[in-house]
Each structure stands twice: as structure tokens, then as C-alpha cells.
Amino acid sequence: MNFEYTEATITSELPLNEAIRDFFLLTTGGTIKAAELSLEQGAAFNIGGGWHHAFPDHAEGFCYLNDVAIAIKKLQQEKKAKKFAVIDGDLHQGNGTAFIFQRDPNVFTFSVHQENLYPVKQKSSLDVGLPDYAGDDLYVKAFQEHIPVIYEQHQPDLIAYVAGADPYKEDQLGNLQVTMEGLKKRDEIVIGEARKRSIPFFVVLAGGYSRNTEDVVNIHFQTLAVVAGVRP
């Protein structure tokens, strides 16, 4: 069975077939499960997900389903948690997530991204758009300055962390100059400040397009090691 493109799917920039459909259903299910487990166990990690460009009515930027938004909406409907924070460290703004929750005061969306880059921006609760060629100093500073304030002022019941690997300096889709050490510091701030306050969190991985695929794997593994509390 083949699928035809429509106005809702053409903006995905991906072909659409049974395998891709099933991939997005599976990884979204993984994010839902991670969100549920994090409420029970304090932390959970989905090795997929982070499809933050998907909107309610159309796909966008390699994303057909906004898994984080779906997981949050499910928990809201089931009254398992009320207040959420979405912390997005991907190279690209989480425009779909920002749009979905713009009118929901119980979901705080925070995005640190390269400003002069895809996508067309939506308004998050707080956006930090970095200039071209920004490195560890500006990138890490954004998390150091804002994460403790977000957690203290919004007081979320659950944190969704979109830990993109694409701010890395060797990524092919942007030109930020963030090192692996800078990305590790990002992870330590987001996760460490959550643990300090005993706020449950779950992690999804999002983008990564390094010239060397092993770099993407190492960055994601580094995030996993921070979650697990071990040295990579």
C-alpha cells in the first residue's frame, strides 16, 4: 500500500510509506511510555522521538507526529500531571511544540536554537535564539541562566527534555560551534537542576546530522550517561 502526498504531509520533507508511518507510531509510543515511567520512577529515556516540528494539522521538518506534545496531552487528559516544562536544546526551534502549547499556561516551552535557520519561528514561552557561530559560552549560558528560573517559577510536575545532538560544531545543517563538552554541560544543567528539585523528567533525542555518524552516537550516549549518573 502506497500513500499519496497531501498538503498535510508534503511539508514533512520525507517520503510517506508504511515503514515510516509505523516508525513514527512506534517512537511516539516510546515517548508516551517514557513520560509515564518518569512519573513512576523519576526519570526515563526514549532512544527515539523529539519530533518537535510536527503541528496538529500537518507534518514538518522530518516530523509526522509531535510525540512530546502527544505524551503531554495524554497525561493531561488522564490527570496524571498538571504542569509541564518542555526544554528544547535542539539546533532548530521546536516550532510545532511552541504552537501547540501557546495557549496552555500549564505547559512552559523553552527553546535554545540557532536563530537564523529553519524553521519559521513560533512563539515559545521563552526563546533564546543564538547568533551564527555561537559556541559553548553562549549556548551553555542560556541554560545556566534560565533553567533554574524556569523550574523555580513554573514548578512543573514533569519535564520533557529534547536533547538534540545537532548544535554540535560538526553538524551539517547549522553552524553553531558547540563542542561535545558543551553539550554535556547542557545535559548536566537540565537534568541536574531537575534532580535537585526532585522533578521527574524524560528525555527524547531529536536531531543530529554530523559529518561523522559516530559523533551523533557519542553525543546521544553522553546524554544517556548523564541520565544514568555514570561516566561515559
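Name, by its number, the condition in (1) out of contact with any Asp or Glu (no Cβ under 6 Å at 6 or more places or on another chain); (2) in contact (Cβ under 8 Å) with a residue 12 or more places away in the chain that does not hold for ASN175.
That leaves (1) as the condition not met.
For residues that are acidic (Asp, Glu), more than 19 Å from HIS146 (Cα to Cα) and either in contact (Cβ under 8 Å) with a residue 12 or more places away in the chain or assigned to a loop (DSSP other than H, G, I, E, B) (or both), tally how many sit in the stretch 181-232.
Keep residues of the stretch 181-232 that are acidic (Asp, Glu), which gives 181, 187-188, 193, 214-215.
So of that shortlist, the ones also more than 19 Å from HIS146 (Cα to Cα) come out as 181, 214-215.
Those left that are additionally either in contact (Cβ under 8 Å) with a residue 12 or more places away in the chain or assigned to a loop (DSSP other than H, G, I, E, B) (or both): 181, 215.
Adding up the residues that qualify gives 2.
So which of ASP187, ASP157, ASP137 ends up being of a type in the set (D, E, K, R) and farther than 16 Å from ALA85 by Cα? Show your work before the answer.
Values: ASP187 fails: farther than 16 Å from ALA85 by Cα; ASP157 fails: farther than 16 Å from ALA85 by Cα.
Every option except ASP137 fails the conditions.
Within the stretch 50-71, work out how many residues are acidic (Asp, Glu), farther than 14 Å from PRO119 by Cα and either outside any helix (DSSP H, G or I) or in contact with a Pro (Cβ under 9 Å, 6 or more places away or on another chain) (or both). Even if it seems obvious, please write down each step before you answer.
Initially, the stretch 50-71 is screened for residues acidic (Asp, Glu), giving 57, 60, 67.
Right, trim to farther than 14 Å from PRO119 by Cα and you get 57, 67.
Still in the running and either outside any helix (DSSP H, G or I) or in contact with a Pro (Cβ under 9 Å, 6 or more places away or on another chain) (or both): 57.
Residues that pass the stated criteria total 1.
Do we find that VAL190 is crowded, with 19+ Cβ neighbours inside 10 Å and of a type in the set (A, V, I, L, M, F, W, C) in this structure?
yes
Within the stretch 131-145, can you find the residues that are part of a loop (DSSP other than H, G, I, E, B) and of a type in the set (A, V, I, L, M)? Let's see the steps before the verdict.
Step one: list which residues in the stretch 131-145 are part of a loop (DSSP other than H, G, I, E, B), which gives 131-134.
Within the stretch 131-145, ALA134 is the sole residue that qualifies.
Select from the stretch 18-65 the residues that are touching a residue at least 60 places away in the same chain (Cβ under 8 Å) and of a type in the set (Val, Ile, Thr) and write down the one among them that is surrounded by the fewest Cβ atoms within 10 Å (Cβ to Cβ).
Among them, the one singled out is ILE47.
Which members of the stretch 139-174 meet the condition of being farther than 21 Å from ALA98 by Cα and over 19 Å from the mean Cα position of the chain (by Cα)?
Passing the criteria: only GLU170.
Read-outs throughout are calculated quantities, based only on the coordinates presented, and are distinct from any laboratory measurement. Note that the structure is a prediction, hence the values are computed from the model and not measured. Cβ atoms come from the backbone with ideal geometry, glycine included; neighbour counts cover every protein chain shown.
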